[in-house]
Amino acid sequence: MLLAGIDFETTGLDVEEDLVIEFAVVTWDTEESVPVCMYSAIVKERGFVEIKNPTSGITSELVLTQGVGPLVVCRDVWRIVRGADYFVAHFGNSFDYPVFDNFLKRCSFQAQKTPELFAKQELHHFIKKKVWIDTAVDIDYPPICRYRELTYLCAHHGFLNPFSHRALPDALSMMQILSKYDIHKVVGSAKSPMMTLQAMVDYDHRQLAKDVGFYWDPNGKQGKGWYKDLKRIRAQKLDLPFEVRVV
């Protein structure tokens with residue numbers, strides 16, 4: 001099985017409006033458990049002005065002087081991922097996929113009919129038809145592993161990412177973590193829909209819910225209470241010491 005691990009760095013956290021400043025992709029062979037191809041580029045999108053949240057170490061000057069045009073990136077990425085069976089991203093459902101989708105939409109207005117534009121169109125169609133694995137959601141981590149930040153997950157799995165918040169090291173770290181788990185179970189989770197459970201516990205028994213990963217939400221779908229978001233396939237296997245309801 002060939003996976004395409006994706007990671008972005010952006011000018012901010014708004015998936016609709018903020019621009020891509022770094023794009024990385026790692027294709028990964030699950031049989032050999034090794035990377036096949038690695039690609040990374042600083043990206044200069046049209047309209048780039050400044051980086052709002054410079055946690056990655058990428059500066060505005062670096063983007064302005066070293067940034068590659070979006071359509072060139074699309075051409076290169078399409079060449080690499082076109083044989084992939086699945087895409088992979090960490091918090092991909094809420095961040096990387098919408099960032100990718102909006103990045104490709106913006107590219108549509110930047111060229112006449114060229115090979116690069118054709119590659120962009122093929123890439124956009126491809127990412128929409130493929131199943132995306134979200135390593136923050138689809139991996140059944142052990143109970144002791146309660147946090148989903150990538151830096152924490154790297155340490156939990158016995159290694160450190162020396163260049164945190166850079167796209168290529170983050171993508172490689174994500175794929176290394178994924179390689180520790182049964183890929184067929186992870187794919188099954190990726191294909192399963194999300195659902196939200198509410199723990200039916202009173203104040204005196206709230207710790208029971210907290211201990212198994214439920215979170216307190218004062219503005220939940222059914223009012224204040226303890227909730228847990230998970231894939232349906234995993235919810236069917238839960239053995240909880242309290243009643244729950246689907247919300």
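A short reminder: the numbers here are calculations on the coordinates, not readings from a lab. The shown structure was predicted, so the numbers you read here are calculated from the model rather than taken from an experiment. Glycine gets a Cβ as well: all are built from the backbone with ideal geometry, and neighbour counts include every protein chain shown.
The table that follows gives values for the structure above.
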read-out: Of Lys44/Lys105; Lys44/Lys120; Lys105/Lys191; Lys128/Lys231; Lys52/Lys120, pairs whose Cα-Cα distance is over 18 Å; value: Lys105/Lys191; Lys128/Lys231; Lys52/Lys120
read-out: Using a Förster distance of 45 Å, the FRET efficiency for Phe163-Met195 (Cβ separation, nearest 0.05); value: 0.80
read-out: Residues with amide H under 5 Å from that of Gly5, placed H, sequence gap 5 or more; value: Val26, Thr27, Trp28, Val88
read-out: In order through the stretch 177-187: 3J(HN,Hα) via Karplus (6.51 cos²θ - 1.76 cosθ + 1.60), integer Hz, x for Gly, Pro; value: 5, 4, 5, 7, 10, 5, 5, 5, 5, 5, 4
read-out: Most fluctuating residue given options Asp140, Asp76, Asp204, as computed from a GNM of the chain linking Cα atoms under 10 Å; value: Asp204
read-out: For Val137, distant residues with modelled amide H under 5 Å away; value: Phe91
read-out: Ranked list, fewest to most other Cβ atoms within 10 Å of each Cβ, for Arg79, Arg166; value: Arg79, Arg166
read-out: 15 Å Cα-Cα reach of Lys221 towards aspartates and glutamates, excluding residues that sit fewer than 8 places from it in its own chain; value: Asp229
read-out: Interchain or long-range residues, amide H under 5 Å from Val68's placed H; value: Ile42, Val43, Lys44
read-out: Which label in [x] 56, 18, 14; [y] 60, 28, 15; [z] 35, 20, 18 gives the computed semi-axes √(5λ) of the Cα gyration tensor in Å; value: [z]
read-out: Value of relative contact order over the chain, rounded to a whole percent, pairs C-alpha under 8 Å and six or more apart; value: 18
read-out: Top positive-direction residue, dipole computed over the chain with Cβ charges, set Gly69, Ala190, Thr55; value: Ala190
read-out: Packing-based exposure ordering (other Cβ within 10 Å, fewest first) of His184, His156, His90; value: His184, His156, His90
read-out: Gaussian network model of the chain, Cα within-10 Å springs - most flexible of Tyr203, Tyr181, Tyr39; value: Tyr203
read-out: Gained length - Trp216 relative to Glu16, 0.36 nm times residue gap less alpha-carbon distance; value: 69.2 nm
read-out: Phi-based couplings in Hz for the stretch 215-224 (Karplus 6.51, -1.76, 1.60; Gly and Pro marked x); value: 10, 7, 10, x, 10, x, 4, 10, x, 4
